[in-house]
Amino acid sequence: MKGTNLGEFEELVLLTIAALASEAYSVAICDELEKHTGRAAKLGVVHAVLNRLEEKGLAKSFLGEATNARGGKRKRYYEVTQAGKMALVNAREVREGLWRIIPDLNLGGAV
């Protein structure tokens with residue numbers, strides 16, 4: 001397993017896989033990322049990140065059943081591994097710890 005440090009986009013993709021649960025396949029991941037970030041998520045970039053997450057042992061994939069709607073092609077689904085869950089929890093703890101030590105940002109009640 002490669003390093004478990006998460007880049008920002010890797011973290012977003014891993015969180016999206018977790019959120020989509022049993023429906024986490026590349027196109028759905030792109031759509032969900034765009035919906036929540038307001039940024040277009042290119043399929044090729046998401047595929048590269050998914051491969052990297054698998055190499056790091058933070059996600060794993062499996063093929064679903066072939067469907068007529070897809071001309072007999074099977075979708076590749078993704079799920080977060082235990083190591084991926086731990087990496088997400090760690091990333092959250094680091095972010096929350098940093099937020100706690102930031103002096104007043106003077107956001108006028110926003111946050």
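Here's the yes/no breakdown for (1) within 10 Å of the chain's Cα centre (by Cα); (2) among the charged types (D, E, K, R):
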position: Leu20; (1), (2): yes, no
position: Asp31; (1), (2): no, yes
position: His36; (1), (2): no, no
position: Leu43; (1), (2): no, no
position: Leu63; (1), (2): no, no
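Take Lys60 and tell me if it is in contact (Cβ under 8 Å) with a residue 24 or more places away in the chain, surrounded by 13 or more Cβ atoms within 10 Å (Cβ to Cβ) and outside any helix (DSSP H, G or I). Judged against the criteria, Lys60 is not a match. Scanning segment 29-48 for residues that are out of contact with any strand residue (DSSP E or B) (no Cβ under 9 Å at 6 or more places or on another chain), in a helix (DSSP H, G or I) and buried (at least 16 other Cβ atoms within 10 Å of the Cβ) yields a count of 4.
Flag: Lys42 does not match the condition of being within 19 Å of Ser22 (Cα to Cα) and free of Cβ contacts under 8 Å to residues at least 24 places away in the same chain.
On inspection, Glu54 passes the criterion of being touching a Lys or Arg at 6+ places or on another chain (Cβ under 7 Å) and either in contact (Cβ under 8 Å) with a residue 24 or more places away in the chain or surrounded by 13 or more Cβ atoms within 10 Å (Cβ to Cβ) (or both).
Every number here is computed from the coordinates shown, using simple stated rules; none is lab data. Everything numeric in this text was worked out from a predicted model, so none of it was measured. When we count neighbours, we look across all protein chains shown, and the Cβ atoms used for this are built from the backbone with ideal geometry, even at glycine.
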